[in-house]
Amino acid sequence: MYTAKTVALLGVLAAVGAAVRIAGAGMGGVEAVFVLLILAGRVYGARFGFLLGLLTIAVSSLLWGGFGPWTPFQMFACGWVGAGAGLLPHWAKATPTAPRTQPASTAQAPSQPAHGEPAPGAPAQRWHLPRLNAQSRLTTGTRWRRSLEIVLLAVYGVVSSYLFGLMMNLWFWPFAVGSGTGISYTAGADAGQNLASFALYSLVTSTLTWDTVRAITTVVGISLVGPAVLAALRRARLGPR
């Protein structure tokens, strides 16, 4: 059951995603919004990621005026991009380390004063131990898990970028080209022949261009801002999962 905090966070992230998508419109396959969908889906789970993908496309299409027969397919595909990130294995999940403060310790001066020490009866000296920052307390295992999580999300970003392109090609491919070509849909043909034609159509129209640019953009975005965004999203956790 979603709480008011969940709905508010979903609305904020959908607005951010819509702004990012509109800013990158017309840039030849650059889909920086995939970075947000993947990172948010990773932190908040598959259901949240799916809803975020749906709302992001709906809001951006409404503001941008990009509604069309392709919009439901974009919403569905982006929804599964976010949901898939939430379904990734959690053995690579980096758990944040809560900062702990080192309490100051007190030590009584020795009863027999030595050279340079206070005389007996003098106030006790307070010896302040240095406080370690959170970064220095990170264990090797935690750093390894954080790096592994970024690699896992980057690989998923590549896979989801190409799957998104295939899904978007599938809805209009039977009507996009005429009949009688090597990339045409042939009614009555066996599934293997049509699958080969669809694969060739996707390869020459989007896989080598739009989808590859989208995959590169997603990997670069996750590598650059992934650790910081994951940490920020986890500070606003919606509760135990």
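The values are calculated or read from the model by the stated rules, or taken from the named source; none is laboratory data. In this text, all values refer to a predicted model and were calculated from it rather than measured experimentally. Note that each Cβ is placed from the backbone with ideal geometry, even for glycine, and that neighbours are counted across all protein chains shown.
Remarks
- Condition check for Gly239: within 26 Å of the chain's Cα centre (by Cα) and either of a type in the set (Ser, Thr, Tyr) or at pLDDT below 95 (or both): yes
- Tabulated pairs, the stretch 146-169, first within 13 Å of Ile222 (Cβ to Cβ), second surrounded by fewer than 20 Cβ atoms within 10 Å (Cβ to Cβ) and of a type in the set (Lys, Arg), C-beta under 9 angstrom, 6+ apart or interchain: Glu149/Lys93
- Where Gly182 falls short, out of the listed (1) touching a Ser or Thr at 6+ places or on another chain (Cβ under 8 Å); (2) free of Cβ contacts under 8 Å to residues at least 12 places away in the same chain; (3) surrounded by fewer than 13 Cβ atoms within 10 Å (Cβ to Cβ); (4) outside any helix (DSSP H, G or I): (2)
- The stretch 185-205: number of residues that are within 28 Å of Ile216 (Cα to Cα), surrounded by 12 or more Cβ atoms within 10 Å (Cβ to Cβ) and more than 29 Å from the chain's Cα centre (by Cα): 5
- Test for Val219: is it closer than 22 Å to Gly45 by Cα, in a helix (DSSP H, G or I) and either in contact with a Gly (Cβ under 6 Å, 6 or more places away or on another chain) or small (Gly, Ala, Ser) (or both): yes
- Of the candidates Leu163, Leu208, the single residue that is closer than 26 Å to Gly68 by Cβ and either touching a helix residue (DSSP H, G or I) at 6+ places or on another chain (Cβ under 7 Å) or surrounded by 13 or more Cβ atoms within 10 Å (Cβ to Cβ) (or both) is Leu163.
- Looking across the stretch 72-88, the residues that are surrounded by 23 or more Cβ atoms within 10 Å (Cβ to Cβ) and hydrophobic (A, V, I, L, M, F, W, C) come down to Cys78, Val81, Ala85.
- All told, Thr218 falls short of being of a type in the set (Ser, Thr, Tyr) and at pLDDT below 95.
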